[in-house]
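Colleague: Just dropping this structure here.
The values are calculated or read from the model by the stated rules, or taken from the named source; none is laboratory data. Being a predicted model, the structure only gives us computed values, none of them experimental. Methodologically, a virtual Cβ is constructed for each residue, glycine included, from the backbone with ideal geometry; neighbour enumeration extends over all protein chains shown. Heavy atoms of the whole protein, side chains included, go into the accessibility calculation; ligands, DNA and RNA do not. Shrake-Rupley method; radii C 1.70, N 1.55, O 1.52, S 1.80 Å.
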Amino acid sequence: MYIPITPVPGEFAGRRALVTGGSRGVGAAVAQRLISGGATVVTSARSWNDETPKGSTFISADIRTAESARRLVDAALEALGGLDILVNNAGAARAHFGGIPDEEWEDSLAINFLSAVRVTNAALPALQQAGRASIVNISSGVAANPPAPMLHYGAAKAALASWSKGLAAQLAPIGVRVNTVTLGMVETPGGTELLQSVMEAMGGSTQHAYSAIPLGRVGDPRDVAEAVAFLVSERAQWIAGADLHANGGA
Ligand SMILES: NC(=O)c1ccc[n+]([C@@H]2O[C@H](COP(=O)([O-])OP(=O)(O)OC[C@H]3O[C@@H](n4cnc5c(N)ncnc54)[C@H](OP(=O)(O)O)[C@@H]3O)[C@@H](O)[C@H]2O)c1
């Protein structure tokens, strides 16, 4: 069972954050954690739902194209007046048994990799201007060990982690820290649906998959939010280019 953590009061006071895919799941928990620490937060996704943090400004955007990524950043900068924290969390995965269609490769690269590159490039002048800025990219353990039905997703997340590492070295000298958080199984609307489809095809169950996690339970989105909160906080001021695995010890 997840043990709730009390945020440090005012930890993120005066900080302005954009969390992509912030409407639900991991992104919503990250946004809520930043808001609880005093940040002003913009969340984005294609559509809003009941899980979207009420304390955030929601901007609807499908960020699979360069133009829509740029428009999202423009709107977020207008709402926030600047940007200190960017969390590239939006992502999606569908398992394909018996072959991955070409359009799925393109779609997976667009949402799981290129969206982060494009949002970051559009946001970079504002992050540099803010000083002491921070970017966290959300990757997946599937990147290192992709099963056949998810090769497109694993390859896109591997590209994300590689880019994140290189970007960290490039941006550290201008005061922008870049880090990756790589996730294991986390109970979210998207994550659970995907795992169910894979386990059903293999004749297993989600509970069976969860039982293999060494720390004894599936991830809660708030587990990930704590990892992200640490990396974007001043407590991590000397950390760049890290890849923090939040996976219950898997
Ligand atoms: N849960 C896990 O076990 C797990 C494991 C490893 C990595 N991850 C990664 O963690 C991140 C969060 O995943 P999650 O589990 O929280 O998934 P989720 O519940 O499906 O949430 C995904 C978020 O991304 C948004 N999104 C999807 N497609 C989009 C698009 N084309 N344009 C803009 N926003 C889009 C979704 O909103 P809309 O659909 O309304 O656009 C939603 O806000 C993803 O990058 C995922 O790959 C998750």
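Colleague: Quick one: Arg46 ticks every box in (1) more than 15 Å from the ligand (Cβ to nearest atom); (2) without any contact (Cβ under 8 Å) to a residue 24 or more places away in the chain bar one, so which box is it?
Modeller: The one condition Arg46 does not meet is (1).
Colleague: Among the candidates Gly216, Gly248, Gly204, single out the residue that is assigned to a loop (DSSP other than H, G, I, E, B) and either open to solvent by 40 Å² or more (accessible area, probe 1.4 Å) or over 30 Å from Phe97 (Cα atoms) (or both).
Modeller: Checking each option against the conditions leaves just Gly216.
Colleague: With Ala144, Ala61 as the choices, which residue is hydrophobic (A, V, I, L, M, F, W, C) and open to solvent by 60 Å² or more (accessible area, probe 1.4 Å)?
Modeller: On the way: Ala61 fails: open to solvent by 60 Å² or more (accessible area, probe 1.4 Å).
None of the others qualify; the one that does is Ala144.
Colleague: Is it true that some residue in segment 9-31 is of a type in the set (S, T, N, Q) and without any contact (Cβ under 8 Å) to a residue 24 or more places away in the chain? So that I can check it myself, show each step before the final result.
Modeller: Restricting attention to segment 9-31, the residues satisfying the condition of being of a type in the set (S, T, N, Q) are 20, 23.
With the extra rule that they be without any contact (Cβ under 8 Å) to a residue 24 or more places away in the chain, the set shrinks to none.
Scanning segment 9-31, I find no residue that is of a type in the set (S, T, N, Q) and without any contact (Cβ under 8 Å) to a residue 24 or more places away in the chain, so the answer is no.
Colleague: Hey, another quick one. Here is a list: Ala90, Ala39. Which entry is touching a residue at least 24 places away in the same chain (Cβ under 8 Å), in contact with a strand residue (DSSP E or B) (Cβ under 6 Å, 6 or more places away or on another chain) and either away from the ligand (no atom under 12 Å from the Cβ) or more than 30 Å from Ile213 (Cα to Cα) (or both)?
Modeller: Ala39
Colleague: Of the residues Ala122, Ala126, only one is touching a Gly at 6+ places or on another chain (Cβ under 7 Å), under 18 Å from Leu18 (Cα atoms) and in a helix (DSSP H, G or I); which?
Modeller: Testing whether each residue is touching a Gly at 6+ places or on another chain (Cβ under 7 Å), under 18 Å from Leu18 (Cα atoms) and in a helix (DSSP H, G or I) leaves just Ala126.
Colleague: Please go through (1) assigned to a loop (DSSP other than H, G, I, E, B); (2) within 12 Å of the ligand (Cβ to nearest atom) for Ala116 and return the number of the only condition it doesn't satisfy.
Modeller: (1)
Colleague: Tyr2 passes all but one of (1) out of contact with any helix residue (DSSP H, G or I) (no Cβ under 8 Å at 6 or more places or on another chain); (2) in a loop (DSSP other than H, G, I, E, B); which number fails?
Modeller: (1)
Colleague: Then there is this: When Asp223 is evaluated against the numbered criteria (1) buried (at least 17 other Cβ atoms within 10 Å of the Cβ); (2) away from the ligand (no atom under 16 Å from the Cβ), which criterion, by number, is the only one it fails?
Modeller: (2)
Colleague: Hey, another quick one. Looking at Ala225, Ala236, can you tell me which residue is under 21 Å from Ile135 (Cβ atoms) and out of contact with any strand residue (DSSP E or B) (no Cβ under 9 Å at 6 or more places or on another chain)?
Modeller: Working: Ala236 fails: out of contact with any strand residue (DSSP E or B) (no Cβ under 9 Å at 6 or more places or on another chain).
Unique residue meeting the criteria: Ala225.
Colleague: Condition (residue is modelled with pLDDT under 95 and touching a helix residue (DSSP H, G or I) at 6+ places or on another chain (Cβ under 8 Å)) applied to segment 48-70: is it met by at least one residue?
Modeller: No, there is no match, as no residue in segment 48-70 is modelled with pLDDT under 95 and touching a helix residue (DSSP H, G or I) at 6+ places or on another chain (Cβ under 8 Å).
Colleague: For segment 219-245, which positions are touching a residue at least 24 places away in the same chain (Cβ under 8 Å), of a type in the set (A, V, I, L, M, F, W, C) and not in a loop (DSSP other than H, G, I, E, B)?
Modeller: Val224, Ala225, Ala227, Val228, Ala229, Leu231, Val232, Ala236, Leu244
Colleague: For segment 93-104, what are the residues that are open to solvent by 50 Å² or more (accessible area, probe 1.4 Å), of a type in the set (Gly, Ala, Ser) and in contact (Cβ under 8 Å) with a residue 24 or more places away in the chain?
Modeller: Across segment 93-104, there are no qualifying residues.
Colleague: In this structure, does Val30 turn out to be more than 6 Å from the ligand (Cβ to nearest atom), within 29 Å of Trp105 (Cβ to Cβ) and within 16 Å of the chain's Cα centre (by Cα)?
Modeller: The answer is yes for Val30.
Colleague: Identify the residue in segment 75-92 that is assigned to a loop (DSSP other than H, G, I, E, B) and of a type outside the set (Asp, Glu) and, among all such residues, is surrounded by the fewest Cβ atoms within 10 Å (Cβ to Cβ).
Modeller: Gly81
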